[in-house]
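Have a look at the structure below, then the notes.
Every number here is computed from the coordinates shown, using simple stated rules; none is lab data. Quick caveat: nothing in here was measured; it's all calculated off a predicted structure. For neighbour counting, all protein chains shown are included, and Cβ atoms are generated from backbone atoms with ideal geometry for every residue, glycine included.
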Amino acid sequence: MKTFYDVLQYLKEFGVYIHVGKRLWDIEMAALEVDNLYKADIIQPKMYATMKVILAHEHRLELESPSD
């Protein structure tokens with residue numbers, strides 16, 4: 001798992017489909033869903049950490065990019 005797309009595809013395995021309308025919002029919603037899956041003991045700590053790093057990176061990039 002290396003990209004935001006990979007995280008979204010992984011979430012789909014649990015029936016979680018995310019499309020809020022803005023990429024930043026999608027990233028934030030994915031982070032919340034990943035947290036919920038981890039708290040429910042559905043995903044392993046290593047997978048959780050990997051996804052959180054990817055989402056944090058994408059969030060930072062989105063905030064740094066010029067507005068539409």
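Which of the residues that make up segment 1-17 are of a type outside the set (S, T, N, Q) and not in a helix (DSSP H, G or I)?
First, pick out the residues of segment 1-17 that are of a type outside the set (S, T, N, Q): 1-2, 4-8, 10-17.
Listed by number, the residues that qualify are Met1, Lys2, Glu13, Phe14, Gly15, Val16, Tyr17.
Is there a residue in segment 28-40 that is outside any helix (DSSP H, G or I) and over 13 Å from the mean Cα position of the chain (by Cα)? It would help to see each step written out before you state the result.
Step one: list which residues in segment 28-40 are outside any helix (DSSP H, G or I), which gives 40.
Within this subset, residues satisfying the condition of being over 13 Å from the mean Cα position of the chain (by Cα) are 40.
Yes.
Test each condition in (1) surrounded by fewer than 17 Cβ atoms within 10 Å (Cβ to Cβ); (2) part of a helix (DSSP H, G or I) for Val20 and report the one that comes out false.
Val20 satisfies all of (1) surrounded by fewer than 17 Cβ atoms within 10 Å (Cβ to Cβ); (2) part of a helix (DSSP H, G or I) except (2).
Yes/no matrix, rows are residues, columns are (1) in contact with a helix residue (DSSP H, G or I) (Cβ under 7 Å, 6 or more places away or on another chain); (2) not small (Gly, Ala, Ser):
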| site | (1), (2) |
| --- | --- |
| Gln9 | no, yes |
| Val16 | yes, yes |
| Trp25 | no, yes |
| Ala31 | yes, no |
| Tyr38 | yes, yes |
| Asp41 | no, yes |
| Thr50 | no, yes |
| Ile54 | yes, yes |
| Glu58 | yes, yes |
